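Novice: My questions all concern the structure below.
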Amino acid sequence: MTIATPKRLTLEEYLAYDDGTDTRYELVDGVLVEMGAEDPLNSTIISFLFAVFLGMGIPHYRLAIGHQIAVSSTKATARQPDLVVHTEASAAAILSGSRLLMPEMPAPMLVVEVVSSSATDQKSRDCDYKEKWAEYAARQIAEYWIVDPTAATVLVLTLEGEQYREAEFTERQMIVSPSFPSLLLTAEQLLKAGR
């Protein structure tokens, strides 16, 4: 749901915005867009993946839920991926007191989005599969994963130049990630959140 504001917001105005509720927003072309309620499976998938990365030795301070990333768009846009795996440089940048990983700051290593209601909400699906795909590539994020429980797929997008190369994983296929070559995880394990 888009929220009517008197004018388009800048990134600075977005960071200062408080409507007195616990509602989470992304900023898209200067307009506040409410982030809908997540399916409980989505947050369970992210929690499971967080634990997998911890188990692989990724330091906890490089794993983030709720970090905001400024991305290229026609107007001010800030995205909040479901999970961010930072590089040392991007972790240092955002943990230095910034509430938003600005365009001039180093890009994270990986962002993960779990698609909400891909069968019933085409707008939400298009956002993850089209808009964020282009925005994260322009932001030079090395990998972008789209985890789609409804389609039962894990899409691993790897940046090559300015475009993502895609690899799709389903069922018992091992997820192949250039950034995490020691990852031992099937699509099914991730989609079922380790159950």
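Novice: Only helical DSSP H runs with n ≥ 4 go in: add -39500 (n - 2.57) per run for the chain, normalise by residue count and round the 222 nm mean residue ellipticity to 500 deg cm²/dmol.
Specialist: Computed mean residue ellipticity for the chain: -6500 deg cm²/dmol.
Novice: Starting from the residue with the highest accessible area, list Ser90, Ser98 in decreasing order, probe 1.4 Å.
Specialist: Ser98, Ser90
Novice: Would you mind checking the tilt of helix 40-55 against the longest principal axis of the Cα atoms of the chain, expressed as 0 to 90 degrees and rounded to 10?
Specialist: 70 degrees
Novice: What does the charge count near Leu190 come to, summing +1 for each Lys or Arg and -1 for each Asp or Glu among other residues with Cβ under 12 Å from its Cβ?
Specialist: My count for the surroundings of Leu190 gives 0.
Novice: When Lys and Arg each count +1 and Asp and Glu each count -1, what net charge do the other residues less than 15 Å away from Ser96, Cβ to Cβ, add up to?
Specialist: Taking every other residue near Ser96 into account, the sum is 0.
Novice: If you roll a 1.4 Å probe over the chain with all protein chains in place, what percent of the accessible area is carbon or sulfur?
Specialist: 54 percent
Novice: Where only protein heavy atoms count, and the probe is 1.4 Å, what is the accessible area per residue for the chain in Å²?
Specialist: On a per-residue basis, the chain sits at 49 Å².
Novice: If you don't mind, another one. Using the Cα centre as the reference, give the magnitude of the dipole from point charges on the C-beta atoms of the chain (Lys, Arg: +1; Asp, Glu: -1; all else neutral), rounded to the nearest 20 debye.
Specialist: Dipole magnitude for the chain comes out near 200 debye.
The values are calculated or read from the model by the stated rules, or taken from the named source; none is laboratory data. Only a predicted model underlies this, so the values are computations on that prediction, with no experimental measurement involved. Positions of Cβ are backbone-derived with ideal geometry, glycine not excepted, and every protein chain shown enters the neighbour counts. All accessible areas refer to the heavy atoms of the entire protein, side chains included, with ligands and DNA or RNA removed. Shrake-Rupley method; radii C 1.70, N 1.55, O 1.52, S 1.80 Å.
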